[in-house]
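Before any comments, here is the structure.
The values are calculated or read from the model by the stated rules, or taken from the named source; none is laboratory data. None of these values were measured; they are calculated from a predicted model. Ideal geometry is used to build each Cβ from the backbone, glycine not excepted, and the neighbour counts take in all protein chains shown. Just the protein is used for accessible areas: all its heavy atoms, side chains included, with ligands, DNA and RNA removed. Shrake-Rupley method; radii C 1.70, N 1.55, O 1.52, S 1.80 Å.
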Amino acid sequence: MGIITGILIAIAAILLVALIKISTTFFHEMGHAIPALLFTEKKVDVYIGSYGDISNTSQFTFGRLKIYFKWNLMDWKMGMCSHDGNVKTVFQNALIILGGPIASLIISIPLIMNLKRIQDHQLLFFISITFIAAALYDFFVNMIPTSSPINMHDGKVMYCDGYALFNLFQRSAAPDEYFELEEKMNKKKYAEVIEMAESNIESNPNNRFAYHFAIEAMVQQKDYDGALEMYNILKHNIKLTDEDYFGIGKVYSRNGNYKKALKFFDHYRHKHFNNTKVLEEIANADLELGNNEKVIQTTTASIHVDQNFLPAYIIRSHAFINLREYEVAKEHLDLVFSKTDQLPRANYVYGLLHEKLDENEKALEFYKKARTLGFEHHGLQFKIERIEGELNIE
């Protein structure tokens, strides 16, 4: 009987801790949402338990505020808050960012003040201490400005509140030239961006932002040699950061020099081994080089970091197709499509799988959808035309 009681107490304690974690997450995200509602005029979305995944969630709407609550504790992903519309001032942006970590602390203040009074009530005291500890943990974890990205459900990334706040203040201190370059970049005036950035570098070689604008514009124009030369100038005038090594690797990868790309990715991975984006780039480079076993190893590491990082499953399924393990590849792709069918590369790889299985009609369907979604691959159009020819489709 004592053993059963002990087990029940342990289960109750685990459920209590989980409930407290859900509570602190809720207060945290509402701390972001309330100032976002005050400072914007459009919708605000709050996700509790996920990074933007609305599948299998309870949904609550309160005017412009919509809350998506995921109850599955086995797939718990903390939460996030997003808002539409522009925030007018740096101060308002800072309040939206700070509102999250501060909110749970504010809620815990009454508990701290009442600890002495309730110390004789063991259960109540335990709940209070656990909530306070969770709130403090939430505050410090979110306010330490680490640059490790958090993968959202749609494939984009976000960063912790401390890093977002650091970027906000860094941006607010940027010179006028920064915003002029940003505006031109947003309007896709890449030639003007390059010209202005190079002029800025000539007058002040220490303006790191000018190099990055020039590099990004060159990459958009597929001038990879120019981008690499700009990185070389940056190296001589200032110093390369870890992010620059990652950027150089991506340029080499886009230019088809995957062996050289891997050297720079490995340099970045040495310090950022849990960054799923670099793991994705490494896996993709090895896939292009035909190193399918290495692809599987790297994507295993990526999935271990984030089991919902869909690009890892897509690249992994491509490697299994190359290894003729079609059933395993299909399992991975089915998992991706259970989340979304709007990923261009996933549709291409599913088309490739159907082609390998001599299911050309289905292959053509997925290839065409990949093209519609904007997937770029030198052989995609050829595959579509060849299958259409075989199926006598005009």
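The criterion of at least 3 residues that are open to solvent by 70 Å² or more (accessible area, probe 1.4 Å) is met, among strands (runs of 3 or more DSSP E) falling completely within region 16-117, by 57-62. Of the residues making up region 216-226, not a single one is more than 25 Å from N200 (Cβ to Cβ) and crowded, with 18+ Cβ neighbours inside 10 Å. For region 160-180, the set of residues classified as of a type in the set (D, E, K, R) and either open to solvent by less than 40 Å² (accessible area, probe 1.4 Å) or more than 24 Å from T146 (Cα to Cα) (or both) consists of D161, D176, E177, E180, listed by residue number. For the structure I just gave you, tell me whether E183 is among the acidic types (D, E), surrounded by fewer than 21 Cβ atoms within 10 Å (Cβ to Cβ) and in contact with a helix residue (DSSP H, G or I) (Cβ under 9 Å, 6 or more places away or on another chain). No; evaluated as a whole, the condition is false for this residue.
Within region 354-371, residues that are farther than 14 Å from K330 by Cα and part of a helix (DSSP H, G or I) have Cβ atoms under 8 Å from residues that are open to solvent by less than 100 Å² (accessible area, probe 1.4 Å) and of a type in the set (S, T, Y) in these pairs: Y367/Y348; A370/Y348, counting only partners at least 6 apart in sequence or on another chain.
For first residues located in region 263-280 and of a type outside the set (D, E), partners that are open to solvent by less than 50 Å² (accessible area, probe 1.4 Å) and not in a helix (DSSP H, G or I) and lie 6+ apart or on another chain with Cβ distances below 6 Å form the pairs T276/N151; T276/D306; T276/F309.
Note on region 238-249: among residues that are touching a residue at least 12 places away in the same chain (Cβ under 8 Å) and open to solvent by less than 70 Å² (accessible area, probe 1.4 Å), the one that is nearest to S199 (Cα to Cα) is I238. Considering only residues of region 257-293 that are among the charged types (D, E, K, R) and under 25 Å from M158 (Cβ atoms), which is most open to solvent (accessible area, probe 1.4 Å)? Here the answer is K271.
Working carefully through the options R345, R254, find the one that is open to solvent by 50 Å² or more (accessible area, probe 1.4 Å) and within 18 Å of the chain's Cα centre (by Cα).
The match here is R345.
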